[in-house]
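**Student:** Pasting in a structure now, in structure tokens, and then I'll have a few things to ask.
The values are calculated or read from the model by the stated rules, or taken from the named source; none is laboratory data. No experiment lies behind these values; they were computed from the predicted model shown. Counting neighbours? That spans all protein chains shown, and the Cβs are built from the backbone with ideal geometry, glycine included. All accessible areas refer to the heavy atoms of the entire protein, side chains included, with ligands and DNA or RNA removed. Shrake-Rupley method; radii C 1.70, N 1.55, O 1.52, S 1.80 Å.
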Amino acid sequence: PEALDTTSAAERAAALDVAPAAERELGTAIASLGSPSEAGIWLKTPLVNAVSEGRIVWTETGKSIAVELRPAEGNSGTTQISLAALRLLEAPLSALPELTIYAR
């Protein structure tokens, strides 16, 4: 996983520095691991129509990180999480975490 996670230390630190912001809850979703070849700290979800800033909370642990919210591709309705985001949540790579998703 370390070899595929190309995010910088600064990007990881910024994602973990989740300051209170005006945001609204979009809903919850079960996320699977997205393509490890897609760099960045992101979440693809059918809950957004355009790329935007957001935050996710792993409901099992309460751990929260800032992410780039991306629209889910096609009409699959599935939610995918980047390798870097999954690692920042400290979730196992095989996990299907339930996430609460917030838009900023």
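**Student:** Kindly evaluate ILE30 against the criterion of being loosely packed, with under 14 Cβ neighbours inside 10 Å, hydrophobic (A, V, I, L, M, F, W, C) and either in a strand (DSSP E or B) or out of contact with any Pro (no Cβ under 9 Å at 6 or more places or on another chain) (or both).
**Tutor:** Numbers: loosely packed, with under 14 Cβ neighbours inside 10 Å: yes; hydrophobic (A, V, I, L, M, F, W, C): yes; either in a strand (DSSP E or B) or out of contact with any Pro (no Cβ under 9 Å at 6 or more places or on another chain) (or both): yes.
When the stated conditions are applied, ILE30 passes them.
**Student:** Scan region 66-81 and tell me whether some residue there is part of a loop (DSSP other than H, G, I, E, B), modelled with pLDDT of 90 or more and on the phi < 0 side of the Ramachandran plot.
**Tutor:** Quick first cut of region 66-81, residues part of a loop (DSSP other than H, G, I, E, B) only: 72-78.
Then drop every residue that is not modelled with pLDDT of 90 or more, which leaves 72, 78.
Next cut, on the phi < 0 side of the Ramachandran plot only: 72, 78.
The answer is yes; a qualifying residue exists.
**Student:** For region 6-18, which residues satisfy the criterion of being at pLDDT below 80, open to solvent by 50 Å² or more (accessible area, probe 1.4 Å) and not acidic (Asp, Glu)? Reasoning before the result, please.
**Tutor:** Residues of region 6-18 that are at pLDDT below 80, as a first pass: 6, 17-18.
Filter again for open to solvent by 50 Å² or more (accessible area, probe 1.4 Å), leaving 6, 17.
Residue satisfying the conditions is THR6 alone.
**Student:** Same structure, new question: Please enumerate the residues belonging to region 82-104 that are in contact with a Phe, Trp or Tyr (Cβ under 7 Å, 6 or more places away or on another chain), outside any loop (DSSP other than H, G, I, E, B) and more than 17 Å from SER35 (Cβ to Cβ).
**Tutor:** From region 82-104, those in contact with a Phe, Trp or Tyr (Cβ under 7 Å, 6 or more places away or on another chain) are 82, 85, 89, 91, 97, 99; that's our starting set.
So of that shortlist, the ones also outside any loop (DSSP other than H, G, I, E, B) come out as 85, 99.
Selection gives LEU99 alone.
**Student:** Give all pairs with beta carbons closer than 8 Å in which a residue from region 81-104 that is touching a residue at least 40 places away in the same chain (Cβ under 8 Å) meets a residue that is open to solvent by 80 Å² or more (accessible area, probe 1.4 Å) and small (Gly, Ala, Ser); count only pairs at least 6 apart in sequence or on separate chains.
**Tutor:** Cβ pairs passing all conditions: ARG104/ALA22.
So that you can scan it fast, the table gives a plain yes or no per residue for (1) within 11 Å of THR100 (Cβ to Cβ); (2) open to solvent by less than 60 Å² (accessible area, probe 1.4 Å):
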| residue | (1), (2) |
| --- | --- |
| GLU25 | yes, no |
| GLY34 | no, yes |
| GLY40 | no, yes |
| VAL51 | no, no |
| THR59 | yes, no |
| GLY62 | yes, yes |
| GLU68 | no, no |
| GLU73 | no, no |
| THR79 | no, yes |
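**Student:** I'm trying to understand the selection: among the residues of region 67-85, which are under 13 Å from ALA15 (Cα atoms) and either out of contact with any strand residue (DSSP E or B) (no Cβ under 6 Å at 6 or more places or on another chain) or of a type in the set (D, E, K, R) (or both)?
**Tutor:** Answer for region 67-85, where residues must be under 13 Å from ALA15 (Cα atoms) and either out of contact with any strand residue (DSSP E or B) (no Cβ under 6 Å at 6 or more places or on another chain) or of a type in the set (D, E, K, R) (or both): GLU68, ALA84.
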